[in-house]
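J.: The structure that follows is given in the form of C-alpha cells.
Derivation of every value follows stated rules applied to the coordinates shown; laboratory data play no part. For clarity, every value in this text was computed on a predicted model and none was experimentally measured. Cβ atoms come from the backbone with ideal geometry, glycine included; neighbour counts cover every protein chain shown.
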C-alpha cells in the first residue's frame with residue numbers, strides 16, 4: 001500500500017507545476033559529478049523586471065537548490081568549492097491559440113450548396129518562465145552542465161505555496177544531474 005500512496009503524492013506534485021526540462025553538457029567531460037559547491041554570485045544580477053528582481057524569489061530559488069543538493073548528500077563549501085552554481089530566470093510573453101469547431105451546417109431545399117463547419121478561435125497571452133541552472137568547474141570556470149526548466153509564470157496565494165512550487169521546479173531540473181552517459 002505504501003508504494004501506491006507514494007505514487008499518488010508524486011502525481012499530485014507533478015500536477016501542481018507542469019515543467020518542461022532539458023539539459024546540455026559535454027559528454028566527453030569526466031568531471032560531471034557533484035562536489036562541494038558555492039554560488040558563483042553572492043547576489044543575483046538585476047534584469048529590470050520586478051517579477052524577477054525580487055529578493056524573496058531569489059531566496060526561494062537558492063533555498064530550493066540548497067535543499068535539493070543537501071538531499072543528495074552534497075555539501076555547501078565554506079572554502080574551495082569544486083563546483084560553482086548560478087541561475088538565471090527569464091519571463092517572456094507568449095501567445096497561444098485554440099480553434100474549436102462549434103457548428104455544422106447543411107444546405108436547405110433552396111440552397112443545397114450552402115453548408116459548412118463553424119469554427120471559433122481563441123487567442124490568449126501568457127507569461128512563460130525559464131529557469132536556467134548552470135554548474136561550472138570551480139578551478140577553470142568551464143561550464144559543465146546546464147539544466148533548463150520552462151513553465152508558466154504564476155503568482156501564489158501564500159509564500160509557502162510559492163516555496164513548494166519553486167522546490168518542485170528546481171527538483172525537476174536538478175534531477176537530471178549528473179547526466180547518465
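J.: Out of (1) touching a residue at least 24 places away in the same chain (Cβ under 8 Å); (2) over 27 Å from residue 82 (Cβ atoms), the odd one out for residue 41 is which?
T.: (2)
J.: Could you please let me know if residue 72 is under 17 Å from residue 170 (Cβ atoms) and surrounded by 14 or more Cβ atoms within 10 Å (Cβ to Cβ)?
T.: Answer is no for this residue.
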